[in-house]
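A short write-up of the structure that comes next.
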Amino acid sequence: MTGAGEETVTEERPSIRPLVLLAAIVLARLGFGYQFQTVGSLGPTLIPLFGMDYTTFGKLIGAFALVGTFAALPLGLAGGRFGDRLILALGLALMVAGAVVSALGGGPEGIAAGRAICGVGGVAMVVIQGKVLADWFHGRWFMLAVSASVCAYSVGLGLGQLTQPPLAEAFGWPAAFLAGGVIQAAALGLFLASYRAPPLAAAPRRALAMPSARECLLVAIAGLVWAAYTAGYTGFLSYAPSLMALRGQGMALTGVVIAIATWGNVPPTLFGAGLANRYGAYRVFLIGTGAVVIGIAGSALTDWAVLWAVMLGVIGQIQPAVIQAVGTLSARVETRAAGMGIFYTVYYAAGTVVPMLCGIAADQAGGPAGALLCAAAVSALAIPAYALHRRMTSHAAMLVRA
């Protein structure tokens with residue numbers, strides 16, 4: 001059931017093909033997180049190597065989202081026009097190409113260009129993958145599928161922090177970028193081998209189907225919620241390694257902290273979907289978002305790194321599937337691809353600006369702790385945005401009762 005109308009679905013157990021397709025999307029999302037984290041993981045190496053200040057470093061992080069700001073809506077519309085298979089496969093191919101460009105770029109400009117290419121590919125993948133999951137999975141299976149894809153992104157972030165610094169030390173920093181391309185190449189192959197149009201899918205349309213004004217507003221607000229949540233989370237992952245290095249905390253402890261903040265969130269993210277169904281999406285969202293804000297701010301103000309990683313990465317990760325479900329189902333089936341384009345336009349716009357703001361805050365504060373405080377403040381904005389969305393619809397979330 002959506003804010004735009006009611007959607008009748010069954011909750012049959014998925015067959016093998018949808019599960020293989022889900023595996024391809026999960027691998028692609030893992031690769032997405034791995035590629036995004038590369039600059040944050042290599043910050044202690046790249047900042048002194050190229051003589052960057054934190055503002056420049058923040059711009060380099062934000063380059064991943066820069067072009068996606070303008071590409072999300074056109075790609076969502078293109079999915080309705082040309083079909084999901086073509087657009088999602090193109091996105092994965094661009095993420096492979098972007099990894100190669102970053103690796104061969106030779107410096108910040110080349111890295112930024114490659115990350116921009118990856119960002120376009122990433123937005124094609126995430127805009128269409130939400131629609132693909134909604135086409136193949138329904139009811140509680142949809143929430144579980146969304147949870148799995150959300151978890152995969154975090155696993156990719158943690159895997160990046162764990163493997164990229166050793167790769168850079170052993171083979172040079174370009175190797176860390178190339179590793180992300182390898183993951184996406186594998187995801188592309190699995191996706192092409194497994195994808196078929198769902199049984200009830202409409203044929204691609206020559207005319208571009210746009211959501212109603214109300215749907216546009218709902219998905220835009222949901223995009224703000226997701227942007228605020230991810231801005232804080234990725235801000236922590238991007239700047240915490242540099243802060244811990246300045247505090248003299250070793251690579252091993254940094255790896256543990258990032259692993260808790262990423263891999264530690266897999267159980268709570270999956271469990272959070274069940275909690276939302278049982279206790280209400282709004283309660284789950286408030287608890288999770290509050291923990292995110294406290295965890296990020298605490299890591300900036302004290303050196304209790306493990307404690308704050310647990311707060312952020314475990315308690316603060318019970319709500320991502322709720323936010324994604326609200327965004328995906330804020331538009332009708334026939335306009336969902338375009339709706340997700342709007343959702344991710346808002347997300348990518350914030351993803352471009354917020355890392356730069358965090359970098360400016362770090363320069364003004366004299367260190368990365370300022371970036372983390374900025375990220376915590378942005379995360380808190382998710383609460384009023386979600387409350388507005390909840391007020392505008394007769395349902396607190398699209399799949400569960402508040």
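The values are calculated or read from the model by the stated rules, or taken from the named source; none is laboratory data. This structure is a prediction, so every number in the text was calculated from the model and none was measured. Heads up, the Cβs are rebuilt from the backbone with ideal geometry, glycines too, and the neighbour counts pull from every protein chain shown. Remember, those area values only see protein heavy atoms, side chains included, never the ligands or the DNA or RNA. Shrake-Rupley method; radii C 1.70, N 1.55, O 1.52, S 1.80 Å.
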What one gets for region 84-143 as the Kirkwood radius, inverse of mean 1/r over different Cα pairs in Å, is 12.3 Å
By the Kirkwood definition, with r running over pairs of different Cα atoms, region 267-402 has a hydrodynamic radius in Å of 16.0 Å
Dividing the helical contributions, -39500 (n - 2.57) per DSSP H run of n ≥ 4, by the residues of the chain yields a 222 nm value, nearest 500 deg cm²/dmol, of -27000 deg cm²/dmol
Hull volume per residue for region 12-103, using the convex hull of the C-alpha atoms, in Å³ is 132 Å³
Plugging the Cβ-Cβ distance of Met251 and Phe50 into 1/(1 + (r/R0)^6) at R0 = 22 Å yields, to the nearest 0.05, a FRET efficiency of 0.65
The convex hull of the Cα atoms of the chain, divided by residue count, gives a volume in Å³ per residue of 115 Å³
Whole-percent tail of the Cα-Cα distance distribution for region 299-374, cut at 19 Å, equals 58 percent
Taking the alpha-carbon centre of each part, the distance from region 294-324 to region 100-128 in Å is 28 Å
Candidate span helices, the chain: DSSP H, at least 27 Å along axis from Cα coords, Kyte-Doolittle average at least 1.6, result 84-104, 174-194, 281-301
For region 114-202, using Cα atoms only, the Rg and Dmax in Å read 15.8, 50
Fraction of alpha-carbon pairs in region 152-265 farther than 26 Å apart, rounded to whole percent, equals 46 percent
Taking 315-323, 376-384 and ranking on average Cβ neighbours within 10 Å, highest first, one gets 315-323, 376-384
Reported to the nearest 10 Å², Val182 has, with a 1.4 Å probe, an accessible area equal to 100 Å²
Sorted largest first, the Cα spans of region 330-392 on the principal axes come out in Å as 50, 23, 10
